[in-house]
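Trainee: For reference, the structure I am asking about is given below.
The values are calculated or read from the model by the stated rules, or taken from the named source; none is laboratory data. Just so it is clear, the model here is predicted, and its values are computed rather than measured. Here the Cβ positions follow ideal geometry from the backbone for every residue, glycine too, while neighbour counts run over all protein chains shown. Note: accessible area is taken over every heavy atom of the protein model, side chains too, but ligands, DNA and RNA are not part of it. Shrake-Rupley method; radii C 1.70, N 1.55, O 1.52, S 1.80 Å.
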Amino acid sequence: MNDTERPSTPRHAIIIGGSLGGLFTAITLRAIGWTFEIVERSPHELDSRGGGLVLQPDVLAALRFAGIRIPDNIGVPSADRIYLDEHDEVVYRNFMPQTQTSWGMLYTLMKDTIPAGQIHTGEEFVGYEPGNKGKVRAFFASGRSAEGDLLVGADGPHSTLRELVLPDSAPTYAGYVAWRGLAPELRVPEPVRRLLEGTFGFQQGPGHMLLEYMVPGEDGSVKAGERRWNWVWYRKIDADTLKSVLMDRNGHQHGFSLPPGTAKHEYTDALRADGRAMLAPAFQELMAATDDIFMQTIQDLQIDQMVFGRAILLGDAAFIPRPHTAGGSAKAAANALALALALRNHQAGIDASLQEWQQQQLDAGYRMTDSGIAMGQQIMGL
């Protein structure tokens, strides 16, 4: 069959990675009539990860395109951006309305629309090769293989597919990390709640910055009293010390992040002590109200190719924007939606559509990551 003809059977995508990038890809391809299977290495649910994030227009556009109803409780609005000094005085205020949500909220919203049989958990992708008639075949550690019209590497910063096609393209450490926490709303003292309510708040000092905003509660509630304060504190850690920090309390060496409940107490205790010495009283209270502090390293990744025949890279497998852009989930959503829009054009054919998609997404990826690097250098003095 000619590639430009409408297929008699639905096109099929094999999506490596069951996090947000993989889910955005699945729901947008489904909207243009493709079938898919998602392969996720972790055998467990992923909905405890990530903390809060800013809800960007690209995320909403992808959800709407996919026909997913956006619930009223998808996030918590804020109105003002404020900066506090070390005495809790507001030294800067600017009206900049936006909505904040949680990683878990987006994950659950999309995953709940996908039948369980289309998600293979606990299965490790190990390789691929071109198949028959323009197809691609993926291979897994279990011995299983799968054939499709497209192989999508949406498997994050340390993508197995990217290691296969671009073996010299590992992310680089930017010299600092983001310590993160989620504090139940009512555990925070009432004067602090009054000060921070409806804000996206910051405190910046030499070589560090803390920010906070409110997100839905663990069960997705946005009712007053049931929400959570999300805070992020950017701190420098040299590369030699970082390896020790990434050794968790059970002796497991992590590569680039520490999930909740794993950081060694000696490091989180030291962080809390630094907070009491360096932060505004309101932000000290957010830390005090937080049970589990977790951490992610700040990394940079830019690549010059996203399409490799019928295998592609998207989301953090292709470009890693620094969190200052508030664009990680938005970039994954934009990559996925643009892919679906390109592949919807049957006259162009899959291969030509992928090339067009690649050029647009490379340009967008460089713009976002360059912007994040510049912001990080300004904030951290690196």
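Trainee: Sequence neighbours fewer than 8 away in the same chain don't count; with that in mind, list the lysines whose C-alpha is under 18 Å from K264.
Mentor: Partners found: K236, K243.
Trainee: Right, next: Divide, for the range 237-382, the radius of gyration over alpha carbons by 2.2 N^0.38 Å, where N is the residue count.
Mentor: Numbers: Rg = 19.8 Å, N = 146, 2.2 N^0.38 = 14.6 Å.
Here the Cα radius of gyration is 1.36 times the empirical estimate.
Trainee: Taking a probe of 1.4 Å, how large is the accessible area per residue of the range 10-96, in Å²? Before the final figure, lay out each step's value.
Mentor: Details: 3910 Å² over 87 residues.
With all protein chains present, the range 10-96 gives 45 Å² per residue.
Trainee: Still on this structure, please answer the following. K111: which lysines have alpha carbons under 26 Å from its alpha carbon, excluding same-chain residues fewer than 8 sequence positions away?
Mentor: K223, K331
Trainee: How would R344, R249, R64, R272 line up by accessible area, probe 1.4 Å, largest first? Walk me through the intermediate numbers first.
Mentor: Values: R344 130, R249 100, R64 155, R272 50 Å².
Result, largest first: R64, R344, R249, R272.
Trainee: Next up: Apply the a/c threshold of 1.5 to the C-alpha gyration tensor of the range 209-310 and tell me whether it is rounded, prolate or oblate. The partial results should precede the final answer.
Mentor: Details: a/c = 1.86, a/b = 1.27, b/c = 1.47.
Here the range 209-310 falls in the oblate category.
Trainee: A further question on this structure: Based on the alpha-carbon gyration tensor of the range 64-109 and its eigenvalue square roots a ≥ b ≥ c, which shape applies: rounded if a/c is under 1.5, prolate if not and a/b is larger than b/c, or oblate? Intermediate values should be presented prior to the final figure.
Mentor: Working: a/c = 4.57, a/b = 2.69, b/c = 1.70.
Note, shape of the range 64-109 comes out prolate.
Trainee: In the chain, with Lys and Arg counted as +1 and Asp and Glu as -1 at Cβ, which of these residues, T9, G275, A311, has the Cα nearest the positive end of the dipole, that is, farthest along it?
Mentor: Value computed over the given set: T9.
Trainee: Over the heavy atoms of S142, what accessible area does a 1.4 Å probe trace out, to the nearest 10 Å²?
Mentor: Roughly 90 Å² of S142 is accessible to a 1.4 Å probe.
Trainee: Sticking with this one: From the backbone phi of the range 328-339, what are the Karplus-calculated ³J(HN,Hα) couplings (6.51 cos²θ - 1.76 cosθ + 1.60, θ = phi - 60°) in whole Hz, Gly and Pro given as x?
Mentor: x, 5, 5, 5, 4, 5, 5, 4, 5, 5, 4, 4
Trainee: If you plug each phi of the range 204-211 into the Karplus form 6.51 cos²θ - 1.76 cosθ + 1.60 with θ = phi - 60°, what whole-Hz ³J(HN,Hα) values come out, in order, with x for Gly and Pro?
Mentor: The phi angles translate into 10, x, x, x, 7, 8, 10, 9 Hz.
Trainee: Can I ask one more? Express the Stokes-Einstein translational diffusion coefficient of the chain in µm² s⁻¹, to the nearest whole number, given a Kirkwood radius over alpha-carbon pairs, 25 °C and a viscosity of 0.890 mPa s. Present the calculation step by step, with values, prior to reporting the outcome.
Mentor: Numbers: Rh = 21.7 Å.
For the chosen part, D equals 113 µm²/s.
Trainee: So how strong a dipole does the chain carry about its Cα centre when Lys and Arg Cβ are +1 and Asp and Glu Cβ are -1, to the nearest 20 debye?
Mentor: Details: 34 positive and 45 negative charges, 119 e Å.
Dipole size: approximately 580 debye.
Trainee: Hey, another quick one. Rolling a 1.4 angstrom probe over the protein chains, ignoring ligands and nucleic acids, what is the accessible area of H12 in square angstrom, nearest 10?
Mentor: Accessible area, nearest 10 Å²: 40 Å².
Trainee: Express in whole angstrom the spacing between the alpha-carbon centres of the range 77-94 and the range 180-254.
Mentor: Centre-to-centre distance over Cα atoms comes out at 16 Å.
Trainee: Output ³J(HN,Hα) for the range 112-117: one whole-Hz value per residue in order, computed from phi by the Karplus curve 6.51 cos²θ - 1.76 cosθ + 1.60 with θ = phi - 60°, and x for Gly and Pro.
Mentor: 5, 8, 10, x, 4, x
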